[in-house]
1. Are any residues in region 233-287 among the charged types (D, E, K, R), closer than 23 Å to Leu428 by Cβ and without any contact (Cβ under 8 Å) to a residue 60 or more places away in the chain, and if so, which ones?
2. Would you call Thr201 in contact with a Gly (Cβ under 7 Å, 6 or more places away or on another chain) and either of a type in the set (Val, Ile, Thr) or modelled with pLDDT of 90 or more (or both)?
3. Kindly provide the set of residues from region 1-36 that are farther than 25 Å from Arg170 by Cβ and without any contact (Cβ under 8 Å) to a residue 60 or more places away in the chain, ordered by number.
4. Name the residues in region 260-299 that are exposed (fewer than 14 other Cβ atoms within 10 Å of the Cβ) and among the hydrophobic types (A, V, I, L, M, F, W, C), would you?
5. May I ask you to list the residues in region 158-171 that are within 24 Å of the chain's Cα centre (by Cα) and assigned to a strand (DSSP E or B)?
6. For the subset of region 387-417 comprising residues that are modelled with pLDDT under 85 and out of contact with any Gly (no Cβ under 9 Å at 6 or more places or on another chain), which member is surrounded by the fewest Cβ atoms within 10 Å (Cβ to Cβ)?
7. Report the residue count in region 174-195 for those that are among the hydrophobic types (A, V, I, L, M, F, W, C) and either assigned to a strand (DSSP E or B) or modelled with pLDDT of 90 or more (or both).
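The values are calculated or read from the model by the stated rules, or taken from the named source; none is laboratory data. What you see is a predicted model; the values in this text were computed from it and never measured. With ideal geometry, Cβ positions are generated from the backbone for all residues, glycine too; neighbour counts draw on all protein chains shown.
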Amino acid sequence: MMEDFEYLQQRLRLHVELMERHLTGVSELILAPKQDNIKQIRVHCRQCVVSRVTVNGVEARFEHHDFLGEIVQESYRDWSSFDLFYRGAIVASKEGTLVIEMPPSVRIVDKKECKDDDSKKVDGENPTDDEHDANAVWDSSDVLPLSSTKFAPVRVRIQYTVTNPRGGVRFMLPDELHPNRVPHMYTYCGPFGGLCDGARTWMPCRDMLGDKCTFRIELIVPASCSMPRVAHFCLPDRLTELMTATKFKDPHFVTYFETYFNARYPFATYSQIFVDDPPTDCQYFAGLSVLNQDVLYGPTIIDHAFVSQAIQIKGFIGSWIAGTDHLISFHAWVLVGIVGYLFDLYVLSAYGSEAYGYRIQLAIDALVTMELVAENGPPSLMYDDVDVYGEYDPSYMPFLEAKAPLILRMIERKVEQEVGPRHLQLALQRIVSGQVGGVSGSGGSKQQSSTNNGDDKDDDKDDEDEGMMDGDKDSNGALASGQLQPLSTWYLLRTVKVVAGASNPRQICVNQDG
């Protein structure tokens, strides 16, 4: 089971044959066992043809299941049957579809007993040519990451191929409709990850939103590349438009958000990649955004500038937040709301109050329209099907983008009325930095008299119950220890409560479903 291991590091060597729509890869997972009697290792892997698996260099038996390959039999032709079988296939796939048997000769040992030190090579001996070709990305000076458990790390190496992928990887080649298209490829996933089109479709890995680790990826590149550092990438025929679209009216927007968060951008570089026909206009990752090349515009076009720069700036904000805090997909409205709320504040700073008020009014009008025309009543911020299908319906995203920032604005106004300004800003600073802990806010929580202790305990118990309902069963203890928490409704409100000094989070809650 996946909970038997901690995810320490993911390594990948990938050879791309662009015109053949073919990938050849070697994926290595560095795992820290939590117990010494593990018999199986399960890994997420879809549409990959696995040829060989080793555990600590020892050949291992494996079995690859494709629960989502054939969901229902041909005799079923109704939606309800498909949905029933699909939900079952999703549940079966969550714990991993590549089942690896632990070789009998491989022992899980205590890291104190392990004789390998940090300076020892990973394989323990000089590799042969064949072994060197199978290596992922490490060299003779590389060392294993430190184990987060009491047992020594385990190396799982998987050799595989992917041919004509149906999801997760998109090969954009010339065809009858686009004879002049520049050949290129890129990987993609749903707005917040997905079971059908995530990283598992092009490399064996642990593809869960809660799993965070360092990645080392090796790709085939030219032998030399003498050129300046590039921040924006596009296809050759869109270069002129790229140069126009990335010239911002206010080139200091990075400084604005660093001032707002009272912190430096957490990654050494930030890059934008414009590709053809991605699933969404903007996807953000740690230090990177992948955007639709239709966002670009030429020097003779002026009415598209604000729309283009809005998408780019939202991508930058999202890369900052999504790269530092992992997400609970059921609560994705929190991430969408923070990104939209911060962009609105930037509009207020750069373009003035009229542009800011105009955006708020547009969002309100759009939200009212969507709620009135909804067939089954106003949609909820909590998208129920995401826990089953692992992704958001694209038609649901405009609703989140309209409503979620307004919810953040309502929280801001409520807190300002109760305890004064800037508390939501301080809360977002702590969320980004992960420094929530049990720090008291600037409110009067420390000034409560001892006679109210019983009430406070009851309030805290209610807070914990709310956390349990949101799936954050261990969040209260982790908050007290200052551990980094996933973005969720409860975590956001809890942080605002701590900063504002509210004795009960209901004092600052708004109706999440309204």
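1. Glu258, Arg264, listed by residue number.
2. Considered against the rule, which asks whether it is in contact with a Gly (Cβ under 7 Å, 6 or more places away or on another chain) and either of a type in the set (Val, Ile, Thr) or modelled with pLDDT of 90 or more (or both), Thr201 comes out as yes.
3. Passing the criteria: Glu3, Asp4.
4. Selection gives Ala268 alone.
5. Ile158, Val162, Val169, Arg170, Phe171
6. The residue in question is Ser395.
7. 1
Condition check ((1) of a type in the set (Phe, Trp, Tyr); (2) modelled with pLDDT of 95 or more; (3) within 18 Å of Leu428 (Cα to Cα); (4) touching a strand residue (DSSP E or B) at 6+ places or on another chain (Cβ under 7 Å)) across all residues:
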| site | (1), (2), (3), (4) |
| --- | --- |
| Trp333 | yes, no, yes, no |
| Gly337 | no, no, yes, no |
| Phe343 | yes, yes, yes, no |
| Leu367 | no, no, no, no |
| Val373 | no, no, no, no |
| Asn376 | no, no, no, no |
| Ser380 | no, no, no, no |
